[in-house]
Amino acid sequence: MTSADDFVIQLAIDKGLLTQDQLDAANARVSEHTDLTTAPPKLLDTIISMHRIKPMQFSKLLADEFGMPTVDMHGVRVTGDLLTLLPRALAARYNVFPLSLEGNNLRVAISDPLDVDAIDSLGHVLKLNIEPAVAPADDIRNCIDRFYGKDVETLDTLLGDFGAVDESQITTTTAAADGQESTDDNDAPIIRLVYQIILEAIQRRASDIHLEPLEKRFRVRYRIDGVLIEVDSPPKRLQLAMISRLKIMANISIAEKRIPQDGRIQIAASGKQIDLRVSSLPTAHGESIVMRILDKEGLSLGLPELGFMSDDQAVMERIISMPDGIFLVTGPTGSGKTTTLYSCLHYINKPDRKLITVEDPVEYQLSGVNQVPVRHEVGMTFASALRAMLRQAPNIVMVGEIRDLETAEIAINASLTGHMVFSTLHTNDAPGAVTRLIDIGVKPFLVSTSLRAAMAQRLVRKICKHCKQPYTPDPRELRSLNITPQQAAGATFMHGAGCEPCNSTGYRGRAGIFEIFIVNEEIQRMIYDNVGTARLREKARSLGMRTMREDGIRKVLTGMTTIEEVVSITVGDAN
């Protein structure tokens with residue numbers, strides 16, 4: 001019996017919750033345990049079961065004794081950020097559960113107020129003030145299992161187990177002819193390992209999981225805040241078993257290894273449903289698997305969350321509220337274009353407007369929006385879906401991407417007949433959207449009359465708010481962004497020292513840097529005359545357009561991100 005159990009039992013007797021006779025009866029029950037193969041029951045658990053005393057009554061005694069509040073764990077709801085802030089390993093080690101974070105104060109549920117060392121250690125590791133509330137130990141453990149995932153082993157532990165297993169004992173997961181999964185007991189370790197890799201990626205806020213067969217090893221990497229981070233890799237011998245398991249989960253053929261395949265996995269993790277978009281690609285050393293993690297609950301739909309400064313946000317709100325025309329978001333793959341368009345739709349989604357989207361695929365479900373998935377196998381392309389959508393009398397149309405002349409012409413015709421059209425293009429800057437449309441085959445006069453604005457964007461990592469601290473950059477860093485002494489004098493330069501929540505990187509989360517190209521009458525005439533991108537860009541700059549690098553400099557000066565981030569993302573954009 002632990003000292004905490006001794007203390008609470010004596011406290012219960014002193015307060016009249018438990019009698020000496022009841023304690024003696026419980027002790028007698030414990031002493032009756034003679035099975036040497038199992039651990040004897042705990043005295044406190046025996047008292048609770050024999051005398052039907054609620055665990056919360058003991059927690060209330062402890063809380064009152066130490067001047068702490070109690071918390072009912074049955075109604076607890078937490079966000080993914082809290083679960084990331086306090087990793088499962090720490091929660092399980094100290095049997096604590098995160099409840100809320102206000103400023104630098106983390107409120108947690110604990111079962112043992114006597115364990116002061118645990119509270120102090122937790123505060124030291126997380127660099128936060130810990131505010132404990134008392135709850136029954138079993139309730140806390142149940143919450144840990146429910147929100148972090150039940151019976152989860154660490155990746156290190158699982159890989160250690162595989163290191164001790166003879167290769168002949170590992171069998172490749174197979175599927176029967178009817179597509180059903182094998183139930184061989186030898187597959188259980190593979191199932192646990194695959195699940196743990198996915199769960200750990202979700203807990204670390206990864207956007208993608210990469211499983212890459214190399215010549216002599218099987219590499220696993222997570223993309224966190226846009227940067228690939230390698231984690232402990234499984235033995236090469238498990239490659240086939242793990243890939244087969246993932247292909248079964250994604251409902252794609254495990255027999256076909258010669259061509260790329262796409263699938264989807266739905267998994268319950270951290271108390272919510274997570275979708276994973278799975279892509280397999282044959283390589284020289286086996287199939288490479290990439291899983292894009294789509295956390296519907298984690299999608300930020302407000303314009304401020306995207307990283308707009310107040311003046312740019314006002315411009316964006318005016319553009320997307322226009323009654324007709326085309327608004328294009330440009331940038332490379334992974335620059336956040338789709339999230340930006342979703343945020344625009346969310347802002348203008350009102351009961352008196354009909355919104356329809358056509359996407360490949362539909363990544364997130366938007367309430368109140370009609371979302372149409374592209375299905376190439378049945379002829380449902382962007383162009384055919386767009387034609388059908390226009391017969392549904394929408395006010396606002398979103399096309400996931402303009403890829404060809406047919407889609408571009410239908411989108412432009414829609415904008416000229418009273419619809420507001422949102423879409424994306426792959427160009428390096430905002431004025432380049434004009435040249436790209438003309439290169440596709442759209443007539444310049446149609447571009448000039450339909451295009452309202454184009455916005456290029458990139459994503460930069462934000463400095464971690466938990467370890468953010470001021471610093472003074474050296475002159476070389478300032479010169480890399482052409483920051484003047486006058487700008488530097490009024491700036492708040494920050495960087496991250498590195499802590500547990502940000503995996504010691506100094507960064508946590510991402511924000512956009514933007515270049516907004518507005519088409520006015522002068523720009524319209526230039527587009528009509530089919531002038532080049534360089535002249536369009538020069539004219540837009542003279543009219544006040546900020547480049548992505550200049551927007552990035554503003555965010556460096558306000559302490560949102562670092563000089564290194566902006567230099568790396570906007571390299572070559574020195575204008």
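Among the trypsin sites (Lys or Arg not before Pro) found in the stretch 43-147, those both in a DSSP coil and sparsely packed, with 15 or fewer other Cβ atoms within 10 Å of their Cβ, are Arg52, Arg77, Lys127. The 1.4 Å probe gives accessible areas that order Val378, Val397, Val315, largest first, as Val378, Val315, Val397. With no solvent and one equal point scatterer placed on each C-alpha of the stretch 381-456, evaluate the Debye formula and give log10 I(q)/I(0) for q = 0.11, 0.18, 0.21 Å⁻¹, two decimals. Values returned for q = 0.11, 0.18, 0.21 Å⁻¹ are -0.24, -0.66, -0.91.
Where a ≥ b ≥ c are the square roots of the eigenvalues of the C-alpha gyration tensor, would you call the stretch 72-136 rounded, which needs a/c under 1.5, or, failing that, prolate if a/b is larger than b/c, or oblate? Mind dumping the intermediate values first?
Details: a/c = 1.41, a/b = 1.07, b/c = 1.32.
Since a/c stays below 1.5, the shape of the stretch 72-136 is classed as rounded.
Residues Asp139, Asp232, sorted by accessible area with the largest first, give Asp232, Asp139 [1.4 Å probe; ligands and nucleic acids excluded].
Remark: spin-label model distance Lys465-His426 equals 3.5 nm, labels positioned 7 Å along the Cα→Cβ axis. By the Cβ distance rule (another cysteine Cβ under 4.7 Å), the unpaired cysteines of the chain are Cys143, Cys344. Can you give me the solvent accessible area of His285 with a 1.4 Å probe, rounded to the nearest 10 Å²? Approximately 80 Å² of His285 is accessible to the 1.4 Å probe.
Measuring nothing but how far apart in sequence close Cα pairs (under 8 Å, 6+ apart) lie, relative to its length, the stretch 460-506 scores a relative contact order of 51 percent. Helical runs assigned H by DSSP (4 residues or longer) give the chain a calculated mean residue ellipticity at 222 nm of -11500 deg cm²/dmol, each run adding -39500 (n - 2.57) before division by the residue total.
For the stretch 361-505, what class follows from the C-alpha gyration tensor (a ≥ b ≥ c being the square roots of its eigenvalues): rounded when a/c is under 1.5, otherwise prolate if a/b is larger than b/c, else oblate? Prolate is the answer for the stretch 361-505, as a/c is 1.5 or above and a/b outweighs b/c. Of the residues His495, His210, His376, ranked by 1.4 Å probe accessible area with the largest first, the sequence reads His376, His495, His210. A Förster radius of 30 Å combined with the Cβ-Cβ distance from Ser542 to Arg479 puts the calculated FRET efficiency at roughly 0.75.
Charging the Cβ of each Asp and Glu at -1 and of each Lys and Arg at +1, and nothing else, the dipole of the chain about its Cα centre rounds to 2160 debye.
Solvent-accessible area assigned to carbon and sulfur over the chain amounts to 49 percent, based on a 1.4 Å probe.
Is the stretch 222-283 best put as rounded, prolate or oblate by its Cα gyration tensor, with a ≥ b ≥ c the root eigenvalues, rounded for a/c under 1.5, and otherwise prolate when a/b is larger than b/c, oblate when not? Oblate, since a/c reaches 1.5 and b/c is not below a/b. Surface exposure of the chain, expressed per residue as accessible area with a 1.4 Å probe, stands at 47 Å². Counting only Cβ charges, +1 for Lys and Arg and -1 for Asp and Glu, the dipole size of the stretch 254-377 around its Cα centre is about 240 debye.
Using R0 = 51 Å, the C-beta based FRET efficiency linking Ala314 and Arg146 works out to 0.75.
What FRET efficiency would be calculated for the residue pair Ala25, Ala89, taking the C-beta separation as r and a Förster radius of 25 Å, to the nearest 0.05? The value I calculate is 0.05.
Projecting the Cα atoms of Thr283, Thr407, His466 onto the dipole axis of the chain, where Lys and Arg carry +1 and Asp and Glu carry -1 at the beta carbon, places Thr407 farthest toward the positive end. Label point of Ala497 set 7 angstrom out along Cα-Cβ; within the stretch 64-105, amide nitrogens under 17 Å from it belong to 104-105. Approximating the spin labels as points 7 Å out from Cα along Cα→Cβ, the Leu281-to-Asn530 distance works out to 3.6 nm.
Percent of alpha carbon pairs in the stretch 212-345 separated by more than 18 Å? Counting pairs separated by more than 18 Å, the tail of P(r) holds 67 percent.
Its Cα centre serving as origin, the stretch 412-553 has a Cβ charge dipole (Lys and Arg +1, Asp and Glu -1) of approximately 260 debye.
To the nearest 10, the accessible area of Glu212 is 30 Å² with a 1.4 Å probe.
Remark: spin-label model distance Lys216-Glu522 equals 6.3 nm, labels positioned 7 Å along the Cα→Cβ axis.
With the whole protein complex present, Thr84 retains an accessible surface near 20 Å², based on a 1.4 Å probe.
What is the Cα convex hull volume of the stretch 286-351 when expressed per residue in Å³?
Details: hull volume 9.2 nm³, N = 66.
Cα convex hull per residue, to the nearest whole number: 140 Å³.
Sparsely packed loop sites in the stretch 463-525 (the trypsin sites (Lys or Arg not before Pro) outside DSSP H, G, I, E and B with at most 15 other Cβ atoms within 10 Å) comprise Lys465. Binning the C-alpha pair distances of the stretch 386-426 at 5 Å intervals from 0 yields a P(r) profile of 6, 25, 41, 21, 7, 1 %, listed from the shortest bin outward.
The values are calculated or read from the model by the stated rules, or taken from the named source; none is laboratory data. Keep in mind that this is a model prediction, so the values were computed, not measured. Cβ atoms come from the backbone with ideal geometry, glycine included; neighbour counts cover every protein chain shown. Remember, those area values only see protein heavy atoms, side chains included, never the ligands or the DNA or RNA. Shrake-Rupley method; radii C 1.70, N 1.55, O 1.52, S 1.80 Å.
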